[in-house]
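Remarks on the structure that follows.
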């Protein structure tokens, strides 16, 4: 937290890919934006995202969340639960 009139921030866009094998594409509930402090603890959750899929889920998860290849090996970002339930 800075108390003077100057503050620094950096923006890092993170794309989350939603894979779906059925005919109805999943849709995110909203556009998401999160803020993380530079001194945040490792493994700290900072955002929860959700999507909706109109397909029947009787045969298991309807879709999965995944990070794109350029982010997968970045230790700063992980998806904790990508089951799409």
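Quick notes
- Residue within the stretch 50-70 that is part of a loop (DSSP other than H, G, I, E, B), modelled with pLDDT under 70, in contact with a strand residue (DSSP E or B) (Cβ under 8 Å, 6 or more places away or on another chain) and surrounded by 11 or more Cβ atoms within 10 Å (Cβ to Cβ) present: yes
- Flag if residue 25 is surrounded by 10 or more Cβ atoms within 10 Å (Cβ to Cβ), modelled with pLDDT under 80, at negative phi and assigned to a loop (DSSP other than H, G, I, E, B): yes
The values are calculated or read from the model by the stated rules, or taken from the named source; none is laboratory data. These numbers were taken from a predicted model, which means no experiment stands behind them. Ideal geometry is used to build each Cβ from the backbone, glycine not excepted, and the neighbour counts take in all protein chains shown.
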